[in-house]
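Taking it in order: structure first as structure tokens, then the write-up.
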Amino acid sequence: MESVTSVVCLLNRWAGVAAATVVVSVAAAGVGVPSAALFAALAVGIAYALLFGGAHPLAPPAPVLTFGQVVIGVALGAQLTTDTLTAVVGDWLPIALVTVATLLISL
């Protein structure tokens, strides 16, 4: 019976995080934040981790994590246009260096 209770608690925490993300997404979109849902999810995730993460961590299953990374990649890729590439072509070296440094720090 204890495992059912812990599953219900886990689902309630996920539902709370999802509801908070929707509310923050709508608010962010209302003030014109680009990719509001992504920024909202990041903000809510950080807030949850700082407030409750130590006692009640949320770790998504691997397929859910992969799906989330795909969604983020597609959302970011959709923002990339030829105008964007044309605007940054003169600064390709600093952009490449920052990108590589970010990847190295992330690993």
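Across segment 54-60, rounded Karplus estimates of 3J(HN,Hα) from the backbone phi angles (6.51 cos²θ - 1.76 cosθ + 1.60, θ = phi - 60°) give x, 8, 9, x, 10, 10, x Hz, Gly and Pro being marked x. Contact order for the chain, expressed relative to its length and based on alpha carbon pairs under 8 Å spaced 6+ residues apart, stands at 17 percent.
Using the Cβ-Cβ distance between SER3 and LEU42 with R0 = 35 Å, the FRET efficiency computed as 1/(1 + (r/R0)^6) comes to roughly 0.65.
Accessible surface of the chain, 1.4 Å probe: 78 percent of it comes from carbon and sulfur atoms. Note on the chain: GNM, Cα springs under 10 Å; of LEU38, LEU93, LEU58, the largest mean-square fluctuation is that of LEU93. Annotation: average projected area of segment 55-102 is 5.3 square nanometres, based on the convex hull of Cα atoms across all directions. For the chain, complete DSSP H runs whose alpha carbons reach 30 Å or more along their own long axis and whose mean Kyte-Doolittle score is 1.0 or higher are 2-30. Secondary-structure-derived ellipticity at 222 nm for the chain, considering helices only, amounts to -26500 deg cm²/dmol, per-run term -39500 (n - 2.57) for DSSP H runs with n ≥ 4.
For the chain, a Gaussian network of Cα nodes joined below 10 Å ranks VAL88, VAL44, VAL17 by mean-square fluctuation, and the top entry is VAL88. With the simple spin-label model, which puts each label point 7 Å out from Cα in the Cβ direction, the THR82 to SER106 separation comes to 2.8 nm.
Taken over the Cα atoms of the chain, the convex hull encloses 138 Å³ per residue.
The values are calculated or read from the model by the stated rules, or taken from the named source; none is laboratory data. Because the structure is predicted, anything quoted here is derived from the model rather than measured. Note: ideal-geometry Cβ built from the backbone for every residue, glycine included; neighbour counts use all protein chains shown. Each accessible area value is taken on the protein alone, full model and side chains, heavy atoms only, with ligands, DNA and RNA left out. Shrake-Rupley method; radii C 1.70, N 1.55, O 1.52, S 1.80 Å.
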